[in-house]
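Below is one structure, written out as C-alpha cells; the observations come after it.
No lab work stands behind these numbers, since they all come straight from the coordinates. All values derive from a computational prediction rather than experimental measurement. So basically every Cβ, Gly included, is an ideal-geometry build from the backbone, and we count neighbours across all protein chains shown.
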Amino acid sequence: MALPKFTLTHDERKDDWALKNDTTNRTVARWDTKEEATARGELKEAVGSAGGSVKIQKENGRYQEERTYPKSKDPRKSKG
C-alpha cells in the first residue's frame, strides 16, 4: 500500500505554515513558523501512526526536502 502524501507549505493568507494532504487538499495541521513544524517530531505527529511522505516547501514555493515517517517505510534507500 502506498504511503499517504503531504505537503508543508506557506499560507500567505494566514501567514502561517500548513500541512496539507495531497489527495484531499485538506489542511491537517498549522504552525506559526516552519521551524515549529519541522522541529521535535511535529510533522511525524501530524502525519499520524499510518505514516506518510512529506514534501517541505520553501517560502517561495520550491521544494526544499522530502521526509518519510516512519523512516522504515522509506521506499528507496538513497544518500541525502
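The residue that is surrounded by the most Cβ atoms within 10 Å (Cβ to Cβ), among those in the stretch 36-66 that are more than 13 Å from Leu19 (Cβ to Cβ) and among the basic types (Lys, Arg), is Lys58. For the stretch 37-55, state whether one or more residues are more than 21 Å from Lys71 (Cβ to Cβ) and either touching a strand residue (DSSP E or B) at 6+ places or on another chain (Cβ under 7 Å) or without any contact (Cβ under 8 Å) to a residue 24 or more places away in the chain (or both). No; the residues of the stretch 37-55 include none that is more than 21 Å from Lys71 (Cβ to Cβ) and either touching a strand residue (DSSP E or B) at 6+ places or on another chain (Cβ under 7 Å) or without any contact (Cβ under 8 Å) to a residue 24 or more places away in the chain (or both).
From the list Arg13, Arg26, Arg62, Arg67, which one is touching a Leu at 6+ places or on another chain (Cβ under 9 Å) and of a type outside the set (Gly, Ala, Ser)? Sole residue among the options that is touching a Leu at 6+ places or on another chain (Cβ under 9 Å) and of a type outside the set (Gly, Ala, Ser): Arg67.
Please enumerate the residues belonging to the stretch 16-35 that are of a type in the set (Val, Ile, Thr) and either surrounded by 15 or more Cβ atoms within 10 Å (Cβ to Cβ) or under 16 Å from Lys5 (Cα atoms) (or both). Across the stretch 16-35, the qualifying residues are Thr23, Thr24, Thr27, Val28.
Could we say that Arg13 is more than 18 Å from Pro70 (Cα to Cα), without any contact (Cβ under 8 Å) to a residue 12 or more places away in the chain and either within 11 Å of the chain's Cα centre (by Cα) or loosely packed, with under 11 Cβ neighbours inside 10 Å (or both) here? Yes.
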